[in-house]
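Readers should treat all values here as calculations from the given coordinates under stated rules, not as data from a laboratory. Remember, predicted model here, so these are calculated numbers, not experimental data. Quick reminder, even Gly has a Cβ in these numbers, built from the backbone with ideal geometry, and neighbours come from all protein chains shown.
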Amino acid sequence: MSFQSLNLNPAIVQALTASGYTEPTPVQAKAIPDAIAGHDLMCSAPTGTGKTAAFVLPALQRLAIPAKPGRGPRVLVLTPTRELALQVTSAVEKYSKFMSRVRTGTVLGGMPYPKQRKLLESPLDILVATPGRLIDFIDQGRVDFSRLELLVLDEADRMLDMGFIKPVERIAGAMPAGRQTLLFSATLDGNIATLAKRLLKNPKLIECEATKENHDNIEQRLHYVDDGSHKHRILDHLLRDVGLTQAIVFTATKHGADRLAEKLNDGGHTAAALHGNMNQSQRNRTLARMRSGNVRVLVATDVAARGLDVASITHVINYDLPKVAEDYVHRIGRTGRAGNSGIAISFAAPDEGQQLKQIERYTGNQIERHVIAGMEPKVKPRSGAPSGNDRKRFGDPRKSFGGSAGKPRTGSSWGGKSAFGGKSGRPSSRDGGSGFGGNRSRGRG
């Protein structure tokens, strides 16, 4: 199947071709025709499957048809986080580059109000927003939804997880009843189904399951660690491997990300932290340094777990295992982008046996255990919570960064691939969170 066969506007197809996309992903092939036909959609698909283009392309197709003049947007895309909002805006700009001018605006937390207020006073076609900041402007009477034709809820499960269910319902209640609504989510369970019943009309259900090949290009490894000192020595060793071009190191907390980035810099690594306590300009600067190659190691909370698309990231390292098994899949998906291969390495401390078991049960695969000669663990994790004596013996790995940053040793378990081409720690702000760029393979937006 080609994008031409989806009956998209020729200008949209031209932009897709210029971006190197020729074949729609499964979720795009299923969602785009129904969305263009005007149906409400409930769409479930794993991360990295092209959900952004699956709603951006129908939105642009709708804009190719003239509408009544006015100031308010014709399309509203709600996202849970600032970074994801910027990703969607970038996708709109990329796919509309050959169309008559598409006026797009972004309203999100962490940015000055006056500039966004002026934006809402100008004519708009597509508005991309985070719920918290949009509610602020609705309260001020600054948002005109009289022309609104299409509402898109992107990463709806994440929005609900971050406590945005009431704001989303309030925003939807301010829109024309005859609008079309598209809901995209990694899952359609629990509160998502309840929300959909309230906001969607006779929706078409689209479900695209994850396939094994999604991570066939990512080699997954596990290292048992005894404590924070042992963990840091292994991390230092791994980061000195010449096959590592750029890496994301995931930590459980924002404070932990700052401390680890500082320690890595002291040890001679070029590292920077990224987390929800940073304002948008700080995040943008850090990401720009990452993309330019001036940062080799990005130490991040789950703010970076969804959507960050940097093809040169060859390694993802779970310094702290995620508390939610699904987040493991989102994290490791930051490597192996754009057809490249990648390595995902996880550390498991003595008190993380249950988390490890949940991750392996969720993915259906056992992560291959690796040992570095001279850095062998003394203890393997057990299932269940550790006793008080265990905590005293092993300590909290998130609080212990002791020990020296050892030099690389021989006998590493890094055989095989050595070079490659190319819910904890949640932000405290209303619109902090995760997600950055889109996947560039097979039209993944």
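Once amide H atoms are built 1.01 Å from N in the peptide plane, which residues 5 or more positions from GLN180, or in another chain, come under 5 Å H to H?
Residues meeting the criterion, in which the H sits 1.01 Å from N, are LEU150, LEU151.
The range 181-198 to the range 238-293: how many Å between their Cα centroids?
If we compute the Cα centre of each part, the gap is 34 Å.
When THR81, THR17, THR106 are ordered from fewest to most other Cβ atoms inside 10 Å of their Cβ, what list results?
THR17, THR106, THR81
With 10 angstrom as the radius, rank ILE65, ILE372, ILE171 by how many other C-beta atoms surround their C-beta, starting from the fewest.
ILE65, ILE372, ILE171
Past 20 Å, Cα to Cα, is the threshold; run LYS254/LYS357; LYS263/LYS357; LYS30/LYS94; LYS231/LYS378; LYS51/LYS254; LYS51/LYS94 against it and keep the listed order.
Violating the 20 Å limit, Cα to Cα: LYS254/LYS357; LYS263/LYS357; LYS30/LYS94; LYS51/LYS254.
Contour minus end-to-end for SER19 and TYR362, with contour as 0.36 nm per residue of separation and end-to-end as the Cα-Cα distance?
Additional length available on full extension: 120.1 nm.
Taking H as built 1.01 Å from N, whose amide H comes closer than 5 Å to the amide H of ARG221, not counting residues under 5 places away?
Residues meeting the amide H criterion: ALA344, ILE345, SER346.
Taking a spot 7 Å from the Cα of THR187 along the direction of its beta carbon, which residues of the range 42-74 have an amide N less than 20 Å from it?
Backbone N within reach: 42-51.
List, in order, the whole-Hz ³J(HN,Hα) value for each residue of the range 88-100 obtained from phi through the Karplus relation with A = 6.51, B = -1.76, C = 1.60 and θ = phi - 60°; use x for Gly and Pro.
5, 4, 4, 5, 4, 5, 5, 7, 9, 4, 9, 8, 4
What's the exposure ranking of GLU155, GLU207, going from fewest to most Cβ atoms within 10 Å?
GLU207, GLU155
Multiply the residue separation of SER2 and ALA64 by 0.36 nm, subtract the distance between their alpha-carbon atoms, and state the gained length in nm to one decimal.
20.3 nm
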